[in-house]
Number of protein chains: 2
Amino acid sequence: MVEKPLDYRDAGVDYAKIDPLKIAAQRAARDTAANLLRTPYREVEASRGESAYVVDMGEFLLASITECLGTKVLIADAMRAVTGKTYFDAIAQDTLAMAINDIITVGATPISVQAYWAAGSSAWFDDAARAHDLVEGWKAACNKCGVAWGGGETPSLGGVVHADTIDLAASCIGVVRPKERLTIADKLKPGDAIVLLAASGIHANGVSLARKVAEELPDGYATKISDGRLYGDALLDPTVLYSPVTEALFAAGIVPHYCANITGHGWRKVMRHPRALTYRFNKIPAVPPVLAFIQKAARMSDADAYGTFNMGAGFALFVAAKDAERTVSVARGAGVDALVAGIVEAGAKQVVIEPLGVTFTDADMHLRA
Amino acid sequence: MVEKPLDYRDAGVDYAKIDPLKIAAQRAARDTAANLLRTPYREVEASRGESAYVVDMGEFLLASITECLGTKVLIADAMRAVTGKTYFDAIAQDTLAMAINDIITVGATPISVQAYWAAGSSAWFDDAARAHDLVEGWKAACNKCGVAWGGGETPSLGGVVHADTIDLAASCIGVVRPKERLTIADKLKPGDAIVLLAASGIHANGVSLARKVAEELPDGYATKISDGRLYGDALLDPTVLYSPVTEALFAAGIVPHYCANITGHGWRKVMRHPRALTYRFNKIPAVPPVLAFIQKAARMSDADAYGTFNMGAGFALFVAAKDAERTVSVARGAGVDALVAGIVEAGAKQVVIEPLGVTFTDADMHLRA
């Protein structure tokens, strides 16, 4: 075991290298908005840099997004050797969740999805049990979110994707109707409450690091964690789908002022909104055992762990203070535990996690162009 | 050099293995249509199995699609060693074209796109020249099609995607407005003319086989072909974007009865429509030198070549016979050469290419569930 803490660079993901391209792409993309002037439709400019792109279609707003699963399939394949299960039903839900949980951040009702399943060889599709689980898991996740699965792409990409694996992604379109349901731009303000929705585990972010941890363990993914489960098994708990919560909130007459899907960059994502505001937490949710295990095994400080993983908070809802407790009730009614965890304050852009003495500042995240 | 003809199985793509999964996925996807009954929106059922998924939004129809480039990036990387150019501006157009040329088949005006750029390592994004060409080429292609680039995903997928390459895909949404512009379902009929739009070369389909051919050539991609160009250079001519043609047709008052994007499966794609009809060609377009070269080098029969590559016909428009010549004029006015090449007849489902004595029957393609 090495002594220094693991970080994402050890695990092969260097955000400093990706982000400059991301920013160049965002700038170029912004320039193309003028193309819509030839149509009756107009871009909702505030959606630039947000999790989903939004276009004003006249009668309603249309949101769209493409999201990828990442490398979680590699854990599923490794665990199959241990337990014999394919886990691709869970993997399918994870992939859908990446798109669904992002598109709902703008206030959209997800309508339809497209599947992107790019295997490294035709032989990947030969494994009938795995293919069956992927198809049925995808369908089940669509049903949970009330979306139509419109179709997709199932290429075989030898030489691009490794032969024995698959690159999974999902695209989603959603509708913001009425337009007042849009949860970006100027609604967020000091005094708003922050309600955190419970995560099931690692979801699908920070997976490269979780894999690195497995490599250092004598028993790898078969290591038992504090709750008696196998490490790999716990990692493969599917990502929570949060659209039943946002739909239930809408039905209850609660329109969040902003939403943040807690994915890569962990709790740093809480300060995603472009305004300079302070997000102060006086409570934190219970940490899923698998994430507590990783933090310890990877010798991560709380700042490292909360800046990388969801640590039990999969999604943040920013709501009027008066709606905070009812938001928790509605979320629980939709099957997802929730916690009024903090408050939005005027002040420098930062996330202050008081119970841990951890603060993330604007300098900790450079995602916007 | 081996003596037997190359086919797709030699090149690592076995459609017989992919198609059963594709069909299972199509069936499961169809079952999810009922989810839309909870919304004010309804699926356009005839779009199932077509190139894009279509939902009736009330005021208009909304089309969506996700498409991948495939393995053409591997040719770009190989040719960079020969000429020093990255070719990723062309590759960007290819990727966009996969989505744009599919979504227009249903009669949609493309509105916005999402980029999916999944690299095998963070280091891929370090190559500033290549990253610049990808970003600028993507933007230029968006401008050619009049679409807004809404955003995208740029993950680093070590262990899934090969370290020195990238998996590129694009999602697109489009609008069919007025709804009568929908070019699927029952419009296609005997007597319709088939207008073929010129291809620039291989586009991005049949690329695995083109790579296999390069492996067998002593000079590989640096081999000169009949027009004096390098094989690899000609392969990297970007795919023609056909949306300027379909938009010009709409402006001219011509609504095609059906469209087929000629991609994988080559001219077998002409019989994509679910009806049993015969597609009889009495003319064929000029074959791009790079495709003629591949056919010869891979010792392919005409049936093999036309059943695999576009052979100069990148897109098929099925129009009322009275509109055929004007369709050609409008296409040329939009900068794409075209040819009235054949006619739709009552009869068994087949594609008859009379100048070559080649016939494809329904048994040659099993894509529908």
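The values are calculated or read from the model by the stated rules, or taken from the named source; none is laboratory data. Every value quoted in this text rests on a predicted model; they were computed, and no experiment measured them. Neighbour counts are summed over all protein chains in view; Cβ atoms, including those assigned to glycine, are modelled from backbone coordinates with ideal geometry. Heavy atoms of the whole protein, side chains included, go into the accessibility calculation; ligands, DNA and RNA do not. Shrake-Rupley method; radii C 1.70, N 1.55, O 1.52, S 1.80 Å.
The table that follows gives values for the structure above.
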quantity: Unit charges on C-beta of K, R, D, E only; dipole of the protein assembly as shown, Debye; calculated: 1220 debye
quantity: Closest-to-axis residue of chain A (Cβ criterion, axis taking A to B), whole Å; calculated: A:SER171, 2
quantity: Theoretical FRET efficiency, 1/(1+(r/R0)^6), r = Cβ-Cβ of B:ALA46 and A:LEU217, R0 60 Å, to 0.05; calculated: 0.65
quantity: Residue-averaged beta-carbon neighbours from other chains (10 angstrom radius) around B:43-55; calculated: 2
quantity: Nitroxide proxy distance, nm - points 7 Å out along Cα→Cβ at A:ARG38 and A:ASP227; calculated: 5.3 nm
quantity: Debye log10 I(q)/I(0) at q = 0.10, 0.13, 0.14 Å⁻¹ for chain B, Cα point scatterers; calculated: -0.62, -1.09, -1.28
quantity: Whole-Å distance, taken between Cα centres, linking the stretch A:314-369 and the stretch B:215-230; calculated: 60 Å
quantity: 7 Å along Cα→Cβ, label-point gaps from A:GLU136 to other copies, nm, shortest first; calculated: 5.2
quantity: For the stretch A:244-254, 3J(HN,Hα) per residue [Karplus equation, 6.51 cos²θ - 1.76 cosθ + 1.60, θ = phi - 60°, Hz, x = Gly/Pro]; calculated: x, 6, 5, 5, 5, 4, 4, 4, 8, x, 9
quantity: Cα centroid separation, the stretch A:190-209 to the stretch A:40-62 (Å); calculated: 25 Å
quantity: Cα-only Debye scattering, the stretch B:33-181: base-10 log of I(q)/I(0) at q = 0.09, 0.19 Å⁻¹; calculated: -0.33, -1.06
quantity: For the protein assembly as shown, accessible area per residue (1.4 Å probe, heavy atoms of protein chains only), Å²; calculated: 33 Å²
quantity: Solvent-accessible area of B:ASP31 with every protein chain in place, 1.4 Å probe, in Å² to the nearest 10; calculated: 90 Å²
quantity: q = 0.05, 0.08, 0.10 Å⁻¹: log10 I(q)/I(0) that the Debye formula gives for the protein assembly as shown, counting C-alpha atoms only; calculated: -0.24, -0.61, -0.96
quantity: Listed pairs B:LYS189/B:LYS269; A:LYS224/A:LYS283; B:LYS139/B:LYS179; A:LYS189/A:LYS349; B:LYS139/B:LYS269 exceeding 19 Å between Cα atoms; calculated: A:LYS224/A:LYS283; B:LYS139/B:LYS179; B:LYS139/B:LYS269
quantity: Of B:GLY174, B:GLY158, B:GLY232, the one that fluctuates the most in a GNM where chain B has Cα springs shorter than 10 Å; calculated: B:GLY158
quantity: Bridge type composition, the protein assembly as shown - antiparallel percent by DSSP, nearest 5; calculated: 80 percent
quantity: The stretch A:87-99 - phi-based ³J(HN,Hα) in whole Hz, Karplus 6.51/-1.76/1.60, Gly and Pro as x; calculated: 6, 6, 5, 5, 4, 4, 5, 4, 5, 4, 4, 4, 7
quantity: Size descriptor, Kirkwood hydrodynamic radius, that averages inverse alpha-carbon separations across the stretch A:160-293, Å; calculated: 17.9 Å
quantity: Averaged over B:131-140, number of beta-carbon atoms from partner chains that fall within 10 Å; calculated: 4
quantity: Where only C-alpha atoms are counted, convex hull volume of the stretch A:224-275 per residue in Å³; calculated: 121 Å³
quantity: Helical mean residue ellipticity (222 nm; -39500 (n - 2.57) per DSSP H run of 4+; nearest 500) of chain A; calculated: -9000 deg cm²/dmol
quantity: Cα-projected label distance for B:LYS296 with A:ALA123, points at 7 Å along beta-carbon direction, nm; calculated: 3.6 nm
quantity: Inter-copy spacing of B:ASP186 label points, which lie 7 Å from Cα along Cα→Cβ, given in nm from shortest upward; calculated: 5.0
quantity: Other copies of B:GLY333: label-to-label distances in nm, shortest first, labels 7 Å along the beta-carbon direction; calculated: 5.8
quantity: Fraction of beta bridges assigned by DSSP in the stretch A:13-167 that are antiparallel (%, nearest 5); calculated: 55 percent
quantity: Chain A: most fluctuating residue of A:VAL82, A:VAL55, A:VAL328 per GNM, C-alpha cutoff 10 Å; calculated: A:VAL82
quantity: Reciprocal mean inverse distance between Cα atoms of the stretch A:95-161 - Kirkwood radius, Å; calculated: 13.1 Å
quantity: Accessible-area value, A:ARG275, 1.4 Å probe, nucleic acids and ligands omitted, Å²; calculated: 100 Å²
quantity: Estimated vicinal HN-Hα couplings, Hz - the stretch A:301-312 in sequence order (Karplus 6.51, -1.76, 1.60; Gly, Pro = x); calculated: 5, 4, 4, 5, 5, 6, x, 10, 10, 6, 6, x
quantity: Euclidean distance between Cα centres, the stretch A:277-303 to the stretch A:109-126, Å; calculated: 33 Å
quantity: Principal axis box of the stretch A:193-364, alpha-carbon based, largest edge first, Å; calculated: 50, 36, 23
quantity: DSSP bridge orientation in the stretch B:259-360 - percent antiparallel, rounded to nearest 5; calculated: 70 percent
quantity: Ratio Rg/Rh [Cα only; Rh per Kirkwood] for the stretch B:194-237; calculated: 1.04
quantity: Calculated P(r) tail over 23 Å for the stretch B:30-120, as whole % of Cα pairs; calculated: 41 percent
quantity: Largest-first ellipsoid semi-axes for the stretch A:275-343, taking √(5λ) over the Cα gyration tensor eigenvalues, angstrom; calculated: 25, 16, 8
